[in-house]
Structure formats: C-alpha cells, structure tokens
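The values are calculated or read from the model by the stated rules, or taken from the named source; none is laboratory data. Owing to the predicted nature of the structure, the values given are computational and were not obtained by experimental measurement. Here the Cβ positions follow ideal geometry from the backbone for every residue, glycine too, while neighbour counts run over all protein chains shown.
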Amino acid sequence: MKDMNRPQIWSFKTSQFNQSIGDCLHMLSEDEKIKAGKYRFNKDMKIYVLARATLRFIISKYLKVDPNEIHFTYSKYQKPSLLKPKTNLHFNVSHSGERVLIGFTEDSVLGVDIELIKYTEELTDVARRFFSDNEVSDFLTLSGEDQSIGFFNCWTRKEAFIKAVGQGLSFPLKEFDVSLLPAKEARLLSTHFNLKEKDKWSLFDIPMDGPYKAALALPKNVSGFDFTEITGLDDIQILS
C-alpha cells in the first residue's frame, strides 16, 4: 500500500461523475444496496451510491483487493471502519450539495466535513445553540457574507473534529474552540475537556471551488494533505 505520510483527500461532483448508477451498484454489498433503495429522493440515492462505490474502489486500489472483498463494521455511533481486510487504513466520508469528499490516513483516525454555504437568517440562532462562547463572540463580530463564511468555517471544523473523535453529535460541541474568522487559518484553539489535547491535533481547511466550505481534522501533527479531484473511477491512480 502507498506510504501515506500525509492525509489523502479525494473529491468529485456528482453531476460530473462519468460512471453510471448501475455500474456503481454492482460494487456495493447487499446491505448497502438495501439502504440505497430506502432513499426517498433519487438525488440522495445517487450521492450515496456514487460515494460508497468510490470509497470501495479507492480502498481496493490502496490495499490491492477486489472492491467486493471489502467489509465494513460500524461503531455504536455509526462511524464506519474496515473489518476486512485487516489494515491500518482509516477513512471518512462527507457530502453536501453535489460534492463528495473522502479522506484517508494510515495509523490515525480522521474526520472530514463539507458543507454547501447557505445564506440564511437562522445562522445566529444555530451558532448560539451549538458554538462555544468564544466562537459565538467571534461570530458576532462579523456581518453580511463574512458572517456566513465564518459560520461555515466553524461548523465544518467542528464537524471534522467530532467525526475524527468518533462520537458524532453526542460529543459536546461547546467543549472545544476552533478559529472561524475569514482571514484566519484553521486552528483548534482550545479543548476545555483536556487542556493538552489541542496540541495533538492538526486542523485544515480543504479548498473547494464554488459555494462550499470543507475541513479535515486528525489527532496527529502533519504538515498538510494531498488533494485529488476526480470525474470518475478511471481517474483513480494509486502510486506504489
């Protein structure tokens, strides 16, 4: 498997993906096909199928196995991980709008999150409910477009962090602070539950075209990550 000293991030737009739903369905397990069939809206089913097929295909390239030989297990918080084959490869998936984001690391969990930026009057209420006191203070210094950007800076960074922790929204969002001001780099500023914990983490923005914000978090000090944009499975090349 490729030696990944840096996290590997893959992304695609569903509208530009050149594999058919039928081709991708063949790569899914029976339980994944059943879940796909339960989606009420076709666009949600399409995102799920393309994301799961791409996840399986990339893992198969990393581990040099058939996509159908890959089996997942799920924590009590429904975070997936690899059951078979046994490996030190970790992954995380996020999608919003027509964008799918998949991240991989070796020897460390990770979290990725992507959000379609929305300009609504409800952002302040949501921020007061979920952000820490320090984050709310920073958020309220912003106005107009900057306020929406600041909100989604904060939201994606916090989501990426709790997805890496693996406890979902059961993890108290007010127990840690992230940077959110548009001119500031992504940083984990403090971890109130354990003051030394923040020093273990790396937090990054993932640059996206269009109206999206995305973030990567992992409990490991790394200098950066590698990003690959694809339009189909044929674009996926893993160098040994």
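Just a few scattered comments:
- None of 164, 183 is of a type in the set (Gly, Ala, Ser) and in contact with a Leu (Cβ under 8 Å, 6 or more places away or on another chain) except 164.
- Residue 154 meets all of the listed conditions (1) modelled with pLDDT under 95; (2) farther than 18 Å from residue 8 by Cα but one, namely (1).
- Considering (1) more than 27 Å from residue 78 (Cβ to Cβ); (2) touching a residue at least 24 places away in the same chain (Cβ under 8 Å), the lone condition that residue 174 does not fulfil carries the number (1).
Yes/no per residue for (1) assigned to a loop (DSSP other than H, G, I, E, B); (2) touching an Asp or Glu at 6+ places or on another chain (Cβ under 8 Å); (3) of a type in the set (A, V, I, L, M, F, W, C):
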site	(1), (2), (3)
103	no, no, no
120	yes, no, no
128	no, no, no
136	no, no, yes
142	yes, no, yes
145	no, no, no
155	no, yes, yes
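- Test: residue in segment 202-212 that is more than 28 Å from residue 58 (Cα to Cα), modelled with pLDDT of 95 or more and not assigned by TED's automatic domain parsing to the domain that holds residue 13: no
So that you can scan it fast, the table gives a plain yes or no per residue for (1) more than 26 Å from residue 229 (Cβ to Cβ); (2) among the aliphatic types (A, V, I, L, M); (3) in contact with a Cys (Cβ under 9 Å, 6 or more places away or on another chain):
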residue	(1), (2), (3)
71	yes, no, no
74	yes, no, no
100	no, yes, no
104	no, no, no
113	no, no, no
126	yes, yes, no
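- Scanning segment 24-36 for residues that are under 17 Å from residue 234 (Cβ atoms) and either in contact (Cβ under 8 Å) with a residue 24 or more places away in the chain or touching a helix residue (DSSP H, G or I) at 6+ places or on another chain (Cβ under 8 Å) (or both) returns 24, 27.
- The strands (runs of 3 or more DSSP E) found entirely in segment 1-99 that carry 1 or more residues being among the aromatic types (Phe, Trp, Tyr) and surrounded by 15 or more Cβ atoms within 10 Å (Cβ to Cβ) are 8-13, 71-74, 89-96.
- Looking only at segment 187-230, and only at residues there that are buried (at least 20 other Cβ atoms within 10 Å of the Cβ) and hydroxyl-bearing (Ser, Thr, Tyr), the one that is farthest from residue 172 (Cα to Cα): 212
- In the set (1) closer than 15 Å to residue 114 by Cα; (2) modelled with pLDDT of 95 or more, residue 185 fails one condition alone, (1).
- Sub-6 Å Cβ pairs linking a first residue in segment 37-56 that is of a type outside the set (Lys, Arg) to a second residue that is surrounded by 22 or more Cβ atoms within 10 Å (Cβ to Cβ) and assigned to a helix (DSSP H, G or I), at least 6 apart or interchain, are 49/24; 50/24; 53/24, ordered by first then second residue.
So that you can scan it fast, the table gives a plain yes or no per residue for (1) of a type in the set (S, T, N, Q); (2) not assigned by TED's automatic domain parsing to the domain that holds residue 72:
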{"residue": "90", "(1), (2)": "no, no"}
{"residue": "106", "(1), (2)": "no, no"}
{"residue": "127", "(1), (2)": "no, yes"}
{"residue": "148", "(1), (2)": "yes, yes"}
{"residue": "154", "(1), (2)": "no, yes"}
{"residue": "170", "(1), (2)": "yes, yes"}
{"residue": "173", "(1), (2)": "no, yes"}
{"residue": "179", "(1), (2)": "yes, yes"}
{"residue": "189", "(1), (2)": "no, yes"}
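- Within segment 56-75, the presence of at least one residue that is of a type in the set (Ser, Thr, Tyr), within 15 Å of residue 28 (Cβ to Cβ) and touching a helix residue (DSSP H, G or I) at 6+ places or on another chain (Cβ under 9 Å) is confirmed.
- Given (1) polar (S, T, N, Q); (2) touching a Lys or Arg at 6+ places or on another chain (Cβ under 6 Å); (3) part of a helix (DSSP H, G or I), number of the condition residue 108 does not satisfy: (3)
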